[in-house]
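Only one structure is covered here, and it is reproduced in the block below.
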Amino acid sequence: YRRLKGIGRTKGLQLAAVAEIARRMMKTPTSPTITYNRPETIAALFWPMVAGLLVEKFWILCLNRKNRLIKMVEISSGTATAALVHPREVFREALRHSATGIVGVHNHSSSGDPAPSANDVAVTRILREASKAVDISFLDHIVVGRPEADPLGGGFFSFRSAGLL
């Protein structure tokens, strides 16, 4: 907010609040009947939430046996290029909400290109192995970007669809 001439601290905070309210208003309402078993459905849920974010965030969708949403939980908020994730926090939330399956979702805020980084691949492997220990299915890890920044045009990357999970 201090980068623009004439925008002081108070006005910057007001504008940030307006942006957050707009993001929440654009958020796709969830329904107990929606099944979150397709990456397109999950990406569509997150696009309004990640629009304009300046940092990477990591969420999990805690799902029941029918892949219906129990709870969406933000696990971490990182830097412009990384969201730090540890299996302990991920599965603590999944256990807390009695999830039988989870989907990890994070955004690529700086580039908008959803292609996974080496760190994204490593985190996915770690979460896949940890899921076995607690008997909670790790159904997918989806990286959400922007369709215009995606060379493939989809705007998201699904580890499950790519055969990496």
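The values are calculated or read from the model by the stated rules, or taken from the named source; none is laboratory data. What you see is a predicted model, and the numbers here were worked out from it, not measured in a lab. Quick reminder, even Gly has a Cβ in these numbers, built from the backbone with ideal geometry, and neighbours come from all protein chains shown. To get the accessible areas, we keep the full protein, side chains included, count just its heavy atoms, and leave off ligands, DNA and RNA. Shrake-Rupley method; radii C 1.70, N 1.55, O 1.52, S 1.80 Å.
What residue, of 126, 102, 136, is of a type in the set (Val, Ile, Thr) and open to solvent by 80 Å² or more (accessible area, probe 1.4 Å)?
Residue meeting the stated conditions: 126.
Identify, from the list 73, 121, the residue that is β-branched (Val, Ile, Thr), closer than 21 Å to residue 33 by Cα and not in a loop (DSSP other than H, G, I, E, B).
73
Of the conditions (1) within 14 Å of the chain's Cα centre (by Cα); (2) free of Cβ contacts under 8 Å to residues at least 12 places away in the same chain, residue 140 fails just one. Which one is it?
(2)
What residue, among those in the stretch 10-63 that are assigned to a helix (DSSP H, G or I) and modelled with pLDDT of 90 or more, is nearest to the chain's Cα centre (by Cα)?
Restricting to residues being assigned to a helix (DSSP H, G or I) and modelled with pLDDT of 90 or more, the top hit is 46.
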